[in-house]
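The values are calculated or read from the model by the stated rules, or taken from the named source; none is laboratory data. What you see is a predicted model, and the numbers here were worked out from it, not measured in a lab. Note that we place each Cβ from the backbone using ideal geometry, even for glycine, and neighbour counts take in every protein chain shown.
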Amino acid sequence: MFRPGMKVAIGASGGKDSTVLAYVMKLLNEQYDYGLQLFLLSIDEGITGYRDDSLDTVRVNQQEYALPLTILSYEQLFGWTMDSIVREVGRKNNCTFCGVFRRQALDKGAASLGCDVIATGHNADDVAETVLMNLLRGDAARLKRATAIITSSGIGDDGSCVPRCKPFKYTYEKEIVMYAYFKRLHYFSTECTYAPHSYRGFARTFLKDLESIKPSSILDIIHSAEQMTVKTDVKLPPQGVCTRCGSISSQDICKACVLLEGLNRGLPKLGVGKSSRAKKFLQHSSLPLQQNNQQTASSTSSSDLLSQSSELW
Ligand code: SF4
């Protein structure tokens, strides 16, 4: 996953996984002289009573670990907070917006810092959940890469331009909680206000039920998925560049821009569901955009980001 001299952006949410990841990476980097340059990168989705509090925890850890911290917000990048998005779309599809925007926000943040890789705190439970979700959705292409410990260098096959790695891929959530507890690390443990209705939440409940019957279920699911071979004709579409914002995309207009367009036009469901419907609309629509904010994904370049972001060095 890492080579000496690499710049690594650690996705820091203030939760137990990313807190333990930052702590362990700093510890090992110093103890074994790995020669990595570590950065904390946080995304503020704009969820009152959740992310604002968890970012306070990230700031405390930034002081304790003495790592540089960059915070980028959805509001600054896209002109919308998750609170305002939920007011428009309700609580059913909110995580679709949040996931797409977070992926792009992390990409932009890591690219602006010149990082070679983004390390995330995804643990074994998260990976097993993702495998289950892709199975339940019949998404063979995503299933193929769900267990990858690192996305390929260069343009990742998930449409991101900075590779992602998951050092805790085989680490149980319980182990991480116990490590954080016994090391007395500071972390934020409240669940997202908008989480209960997410599709992942149902997969998680199912997984916990399975685990109570057979404790090895989580690693069994990961190992099974690693052994699965997906037909070679299940291909991902070729990657290009979004004509609106310049992000890597398999479509002319990337998912984040389609979702944003829907929000700005008062049609929040536009980018949810069938992409062909949104594509048709965007091709035939000539209505001027009602920008929610002047500074949107389309107009924010990576080089502008560091000067706008909240930085603590
Ligand atoms: Fe975003 Fe959904 Fe996660 Fe909340 S639960 S942070 S809305 S993806």
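With respect to D233, determine if the residue is at pLDDT below 90, within 16 Å of the ligand (Cβ to nearest atom) and at negative phi.
no
If I filter region 56-85 down to residues being within 16 Å of the chain's Cα centre (by Cα) and among the hydrophobic types (A, V, I, L, M, F, W, C), which single residue comes out as surrounded by the fewest Cβ atoms within 10 Å (Cβ to Cβ)?
Step by step, filter region 56-85, then rank; the result is I71.
Kindly indicate which of I222, I218, I176, I213 is in contact with a Lys or Arg (Cβ under 7 Å, 6 or more places away or on another chain) and among the hydrophobic types (A, V, I, L, M, F, W, C).
When all the criteria are applied, what remains is I176.
Would region 49-61 turn up any residue that is farther than 27 Å from Y172 by Cα and in contact (Cβ under 8 Å) with a residue 40 or more places away in the chain?
yes
Can you report the number of residues in region 12-55 which are of a type outside the set (A, V, I, L, M, F, W, C) and surrounded by 14 or more Cβ atoms within 10 Å (Cβ to Cβ)? So that I can check it myself, show each step before the final result.
Start the filter on region 12-55 by keeping residues that are of a type outside the set (A, V, I, L, M, F, W, C), which leaves 13-19, 23, 26, 29-35, 37, 42, 44-46, 48-54.
Subset that is surrounded by 14 or more Cβ atoms within 10 Å (Cβ to Cβ): 13-19, 23, 26, 29, 34, 37, 42, 44-46, 50-51, 54.
Number of matching residues: 19.
Restricting attention to region 190-223, which residues are among the polar types (S, T, N, Q), closer than 17 Å to L132 by Cα and either touching a residue at least 60 places away in the same chain (Cβ under 8 Å) or within 16 Å of the ligand (Cβ to nearest atom) (or both)? Explain how you work it out, then say what you get.
Quick first cut of region 190-223, residues among the polar types (S, T, N, Q) only: 190, 193, 198, 205, 212, 216-217.
If we keep only those that are closer than 17 Å to L132 by Cα as well, we get 198, 205, 212, 216-217.
S198, T205, S217 - these are the residues of region 190-223 that are among the polar types (S, T, N, Q), closer than 17 Å to L132 by Cα and either touching a residue at least 60 places away in the same chain (Cβ under 8 Å) or within 16 Å of the ligand (Cβ to nearest atom) (or both).
Please determine whether any residue of region 117-126 is under 23 Å from E173 (Cα atoms), away from the ligand (no atom under 16 Å from the Cβ), in contact with a helix residue (DSSP H, G or I) (Cβ under 6 Å, 6 or more places away or on another chain) and of a type in the set (A, V, I, L, M, F, W, C).
Within region 117-126 (the criterion being under 23 Å from E173 (Cα atoms), away from the ligand (no atom under 16 Å from the Cβ), in contact with a helix residue (DSSP H, G or I) (Cβ under 6 Å, 6 or more places away or on another chain) and of a type in the set (A, V, I, L, M, F, W, C)), the answer is yes, since at least one residue qualifies.
Identify the single condition in (1) modelled with pLDDT under 90; (2) of a type outside the set (F, W, Y); (3) surrounded by fewer than 20 Cβ atoms within 10 Å (Cβ to Cβ); (4) under 29 Å from N61 (Cβ atoms) that A146 does not satisfy, given that it satisfies every other one.
(3)
Could you run through region 164-189 and say how many residues are more than 16 Å from the ligand (Cβ to nearest atom), part of a loop (DSSP other than H, G, I, E, B) and either in contact (Cβ under 8 Å) with a residue 24 or more places away in the chain or farther than 15 Å from V20 by Cβ (or both)?
10
Could you check region 149-189 and list, in sequence order, the residues that are of a type in the set (V, I, T), surrounded by 18 or more Cβ atoms within 10 Å (Cβ to Cβ) and modelled with pLDDT under 95? Let's see the steps before the verdict.
Quick first cut of region 149-189, residues of a type in the set (V, I, T) only: 149-151, 155, 162, 171, 176-177.
The next check asks that each one be surrounded by 18 or more Cβ atoms within 10 Å (Cβ to Cβ); those that pass are 151, 162, 171, 176.
Residues satisfying the conditions are T151, V162.
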